[in-house]
Number of protein chains: 2
Amino acid sequence: MAEAAPSPAAHHLVVVGAGFAGLQLVRDLKGAGLRITLIDQRNHHLFQPLLYQVATTILATSEIAWPIRRLFREREDVTTLLAEVTGVDAGGRQVLLSDSSTIAYDTLVLATGARHSYFGRDEWEALAPGLKTLEDATTIRRRMLLAFEQAERESDPAAQQALLTFAVIGAGPTGVELAGIIAELAKEVLWQEFRHIDTRKARILLIEAGPRVLAAFPASLSDYAKAALDRLGVEVLLGRPVSDIRTDGVTIGEEFVGCRTVVWAAGVAASPAAAWLGTPADRAGRATVDANLNAPGRPEIFVIGDTAAVPTADGQPVPGIAPAAKQQGAHVGRVIRARLAGQPAPPPFRYRHQGNLATIGKSAAVVDFGWLQLRGWIAWWFWGIAHIFFLIGARSRVAVAWSWFWTFISGQHSARLITQGRKAPDPKP
Amino acid sequence: MAEAAPSPAAHHLVVVGAGFAGLQLVRDLKGAGLRITLIDQRNHHLFQPLLYQVATTILATSEIAWPIRRLFREREDVTTLLAEVTGVDAGGRQVLLSDSSTIAYDTLVLATGARHSYFGRDEWEALAPGLKTLEDATTIRRRMLLAFEQAERESDPAAQQALLTFAVIGAGPTGVELAGIIAELAKEVLWQEFRHIDTRKARILLIEAGPRVLAAFPASLSDYAKAALDRLGVEVLLGRPVSDIRTDGVTIGEEFVGCRTVVWAAGVAASPAAAWLGTPADRAGRATVDANLNAPGRPEIFVIGDTAAVPTADGQPVPGIAPAAKQQGAHVGRVIRARLAGQPAPPPFRYRHQGNLATIGKSAAVVDFGWLQLRGWIAWWFWGIAHIFFLIGARSRVAVAWSWFWTFISGQHSARLITQGRKAPDPKP
């Protein structure tokens, strides 16, 4: 059933960002009688936890992305806007857009997420793309596949070796997952298809400045993951910060390694919500918020998800993962409903950690619930079923399940496309 | 079973282009004892008959494209090369590549296909993209979806109407198929999702200089297709050549129509195979060939597929469709086998026309076998089953069948992504 449109005089909530936090909030406010405007600079919500599988040729782009306005097509109270927010006029209670127009709000929620952080070396971004958008994923996919193609035609051994060396910087879940699948691609999928190179001799480097992989997991699971990566042939370099990235290679500490494909999975920085508001931020740029996730002194402005610095009970920041973002969206939904109803505010936000998951290639995974730790194929099945469950809609669940089933039984990857290497910009009238 | 690699001294066949013609040839030469090098500037073979469904958000890119080298991974006699051919040194029997390297051949087959032709108005290309590559399809998809998004935010009624006007130029099968699905998208899929515009009021213009749609079909099927387009709300403009295309609209005869999305389905021009060889070509640039599909006076060079001008028995050129390309590839395979075996040449190439197919939206289609004509839902089912059958591999068949099934039962399109609007080029070492 379509929901009736709210009156034009209804309280106007503007939500910026349709990631996990923003989406949860708008869903939870169904029937609350608000006028909601949901702004995103993309037309799609992206299931980021599986983005690395697009980058590594297992899934198609459309299997993990959904048009935002389709998700709310029956919600007459929700207006979706494809637009880029450039700032907030908190005094005037309006949001500024890149085309110089403005949108007035009664309540504002900033859920604008995070981008990569190159720790002050922004020139590395073009050389070592991170993995946040569909374009990031197809860029990494294109560069990785092109490196194999160019290696096949390269006669100089050193240049060929550099083309067959893949560096993943940062050994958190994304780095571990990327390195594992790149190794499988090189060593199991591609080797039979080339005539002049042996892709099984490709080097996959997973470079980490810290002392172990998956630092957020218990040490025993880190050790298991490291051993699983070793078995896949990934060279795990621990305690080795990257000091330089160039077009022809990376410098790890003092050692230069020729390498033509580099992926950045090392650090993220919050989007500029705190700067827009002129409020304090932590070192990663995340906006400080109070117990209700309000910006300081601004009860009509909330900041949630990866762009907010939300402390847990033990003082640690809430991790930048999908369940944390969803919980924050749900909390702000409760606060807004209580205020509209003139009821007392709900208890302060409290993050409930549900667990950490990561996969290593096609058959190993680690799951840490705190009270229970899983590894091996049982963790892998748990990981797979959980991710299928959290996808949106039957169409994507069947499509992703089919792609995984196919990869599992055939050993082939379905989405090995080199696309969008050069393009002209769209004309403007 | 993997095929044994041929001796380095074996006859070297170079095939340029892995479309339907080149692919069929290489497949048919399995076990012929040749050394085969298959060159394409893309890493994938593309199932072009369904490309319009990528442009119109029904199928994902990877559902209709397969890595070329995967198709021949068990053929040790086949080397796949991702490279751009820039010319042929017919005297020296070598192919020239864009990186200034060369590849020597004993026999050469040029199967390089066709691109759009703008009849001398090349400046129209940026304004009215055609539909030949995956990038073409995602460009059309992006511009079409962005037009709806911009219309939602546009306050000027004339500008809004221009954003909601979509022009398809050329009413052959591609134009008819595009216009039909764009109409369904606007009138059935999207209307519930926008708050400020009624997408059902979008104008979809199908502009044709000739007197009827689907000129290659019998007049009765053209009439049926026209009526089906009328029912979908497509405005079919016949006998109306386009005289100008600008960023803000198209001029049809003398009449200017404000319009921000234009798709070109009007004409194709052969790739420059004839120019590379310095041999005669017809008006569309297609190289003249003899009864064996050899370039004139060059028995070691064949030209096949859309880049060749092959006459049928009644003097008409062979149409630029997949079955014709495959038949030519198969014929050259027979000629090469006969020559290698020292046997007499097979009978001259003779095109066997199997029929023409086109769909109009989700439930109408026309099929013309010559001896039998089908229309309506029976033609639509025939069309769908035939296309599923001709896809490569179980993975794509299931994926495409699922996408179609989903579109059919839900009325939703799965691949409504706006991607790749702006990008930086990959760095070069």
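Count the DSSP beta bridges whose two residues both fall in region B:122-266, then state the antiparallel fraction as a percent rounded to the nearest 5.
On the way: 8 of 21 bridges.
Expressed as a percentage, antiparallel bridges in region B:122-266 total about 40.
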Unit charges on C-beta of K, R, D, E only; dipole of region A:126-266, Debye: 140
Equivalent ellipsoid semi-axes, region A:276-323, via Cα gyration tensor eigenvalues times 5, rooted, Å: 17, 12, 10
C-alpha center-to-center spacing [region A:323-369, region B:255-332] in angstrom: 60
Dipole of region B:122-266 [Lys/Arg +1, Asp/Glu -1 at C-beta], most positive-end residue of B:Thr139, B:Val168, B:Ala227: B:Ala227
Estimated translational D of region B:269-375 in µm²/s (Stokes, Kirkwood radius over Cα pairs; 20 °C; 1.002 mPa s): 141
Approximate spin-label separation A:Ser220-B:Arg283, in nm, with each point projected 7 Å along Cα-to-Cβ: 8.0
Taking only Cα atoms of region B:1-43, radius of gyration then Dmax in Å: 10.8, 28
Charge dipole (debye, nearest 20) of the protein assembly as shown; +1 at Cβ of Lys and Arg, -1 at Cβ of Asp and Glu: 1440
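Given a Förster distance of 35 angstrom, what is the FRET efficiency for A:Ala338 paired with A:Glu235, based on the Cβ-Cβ distance and rounded to 0.05?
On the way: r = 53 Å, r/R0 = 1.53.
Computed FRET efficiency for A:Ala338 and A:Glu235: 0.05.
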Normalised convex hull volume, region B:316-366, alpha-carbon set, Å³ per residue: 89
Long-range amide H partners of B:Gln41 with built H, under 5 Å: B:Ala83
Peptide B:193-199, shielding by other chains (average Cβ, 10 Å cutoff): 4
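Convex hull over the alpha-carbon atoms of region B:225-305: what's its volume per residue in Å³?
Numbers: hull volume 13.2 nm³, N = 81.
Value for region B:225-305: 163 Å³ per residue.
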Debye intensity ratio I(q)/I(0), log10, chain B, q values 0.07, 0.09, 0.12 Å⁻¹ (C-alpha model): -0.36, -0.60, -1.04
Distance histogram for the protein assembly as shown (every C-alpha pair counted, 20 angstrom bins, percent rounded to whole numbers): 14, 44, 34, 8, 0
Dipole of the protein assembly as shown [Lys/Arg +1, Asp/Glu -1 at C-beta], most positive-end residue of B:Ala287, B:Thr307, B:Ala386: B:Ala386
Approximate spin-label separation B:Ala394-A:Ala345, in nm, with each point projected 7 Å along Cα-to-Cβ: 5.9
Top positive-direction residue, dipole computed over the protein assembly as shown with Cβ charges, set A:Thr419, A:Trp406, A:Pro67: A:Trp406
Size of charge dipole - region A:88-147 - debye, nearest 20, with Cβ of Lys, Arg +1 and Asp, Glu -1, no other charges: 320
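Write down the Kirkwood hydrodynamic radius of region B:54-93, to one decimal in angstroms, obtained as one divided by the mean of 1/r over all alpha carbon pairs.
On the way: mean 1/r = 0.0736 Å⁻¹.
Across region B:54-93, the inverse of the average 1/r is 13.6 Å.
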Highest-first arrangement of B:318-331, A:59-72, where packing means the average Cβ count within 10 Å: A:59-72, B:318-331
Virtual spin-label span in nm between A:Arg246 and A:Asp314, 7 Å along Cα→Cβ: 4.4
Cα convex hull of region A:126-266, projected area averaged across orientations, nm²: 8.1
Mean Cβ neighbour count within 10 Å, used as a protection proxy, ranking A:155-166, A:199-210 highest first: A:199-210, A:155-166
FRET efficiency for A:Ala9 and A:Ala275, using Cβ-Cβ distance with R0 set to 30 Å, rounded to 0.05: 0.40
Residue pairs, from the table A:Lys226/A:Lys326; A:Lys201/A:Lys226; B:Lys187/B:Lys226; A:Lys132/B:Lys362, whose Cα atoms sit over 26 Å apart: A:Lys226/A:Lys326; A:Lys132/B:Lys362
Axis-nearest residue in chain A [Cβ, rotation onto B], distance in whole Å: A:Ala60, 2
Whole-Hz couplings from phi, Karplus 6.51/-1.76/1.60, listed for region B:329-345; x for Gly and Pro: x, 5, 4, 5, x, 5, 4, 5, 4, 4, 4, 4, 7, x, 8, x, 4
Per-residue average of Cβ from other chains inside 10 Å of B:394-405: 3
Using a 7 Å Cα-to-Cβ projection, B:Glu300 label spacings across copies, nm, ascending: 8.1
At 7 Å out from Cα toward Cβ: B:Ser243 inter-copy label distances (nm, ascending): 7.0
Using a 7 Å Cα-to-Cβ projection, A:Asp156 label spacings across copies, nm, ascending: 5.3
³J(HN,Hα) computed for each position of region A:131-140 - Karplus, 6.51 cos²θ - 1.76 cosθ + 1.60, integer Hz, glycine/proline x: 9, 10, 10, 4, 5, 4, 5, 6, 5, 4
Whether region B:140-217 is rounded, prolate or oblate, judged on the alpha carbon gyration tensor where a/c under 1.5 counts as rounded: prolate
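Bear in mind these aren't lab numbers, they're just calculated from the coordinates by the rules spelled out. None of the values given here were measured: they were computed from a predicted structure. When we count neighbours, we look across all protein chains shown, and the Cβ atoms used for this are built from the backbone with ideal geometry, even at glycine.
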